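Since the structure comes first, as structure tokens, the remarks are kept for the end.
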Amino acid sequence: MSIRVLVVDDQPMFRAGLVAILGAQPDIEIAGEAEDGEQALARTRSLKPDVVLMDVRMPKRNGIEATEAILGDPLSTHRPRIVMLTTFDVDDYVFAALRAGASGFLLKDAAPDELVNAVRVVHGGDALLSPRVTNRLVRAFTDTPKPRASDTAALAALTERELEVFRLLAAGRSNAEIAATLFIAEQTTKSHVSRILTKLGLRDRVHAVVPAYESGVVVPGAGDDPRHR
């Protein structure tokens, strides 16, 4: 079955490029287009796409507001996966989009194959936590967020090994990369990730970023290997 995608961007030429790239894929179908957040909500209700490719900055209702509206829509039970598009190096938007429920993030200068992969990954039920996006996000935060009591209490339920995996997970590492770093089997890594998400009440791995940084478990600017912080 084809992956039905709604493309949302207020720039017609850029939107047409996205449509052309995705529409050329044998397993992807363009369900429709929208030029602002209001249209995105209305067309998600009517077209019921599997994935919404959502620009951040748009008129009437921005991408974050539209994401919140779509995923919390009282008039529809349909909940598509949402990939946010951004051009910004300083991305406080990413935290807001994570809280809104987005499942992936893509920079607008990403290569076409990255775009296609993002749609396939989130449609498959995983989350797109690109190290490239994560690294830009980390560089945007020069001060360590103060730990929140709720985050600290939840993290206390993690074992030492799960905490190591959590740090690497929040830094954008894949299961294979985590396994190689910690010298454990990839299947073991998958099991750790599943337990971590359950214990912390997280929907998917991309949403590990917020509690990791807000709790201070992962510290911006502390180096590339977060295992032993």
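Per-structure values
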read-out	value
Estimated FRET transfer efficiency (S2, D109; beta-carbon r; R0 30 Å; 0.05)	0.65
With all protein chains modelled, accessible area of E114 [1.4 Å, Å²]	70 Å²
Cleavage-rule hits (trypsin sites (Lys or Arg not before Pro)) in the range 156-212: DSSP loop, at most 11 neighbouring Cβ within 10 angstrom	R203
Heavy-atom accessible area ranking, 1.4 Å probe, most first, across F14, F166	F14, F166
For the range 20-77, accessible area per residue (1.4 Å probe, heavy atoms of protein chains only), Å²	47 Å²
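The values are calculated or read from the model by the stated rules, or taken from the named source; none is laboratory data. A quick note: this is a predicted structure, and the numbers were derived from the prediction, not measured. A quick note on method: Cβ atoms are made from the backbone with ideal geometry, for glycine too, and the neighbour counts reach across all protein chains shown. The protein model used for the area step is the full one, side chains on, heavy atoms only, and it has no ligands, DNA or RNA in it. Shrake-Rupley method; radii C 1.70, N 1.55, O 1.52, S 1.80 Å.
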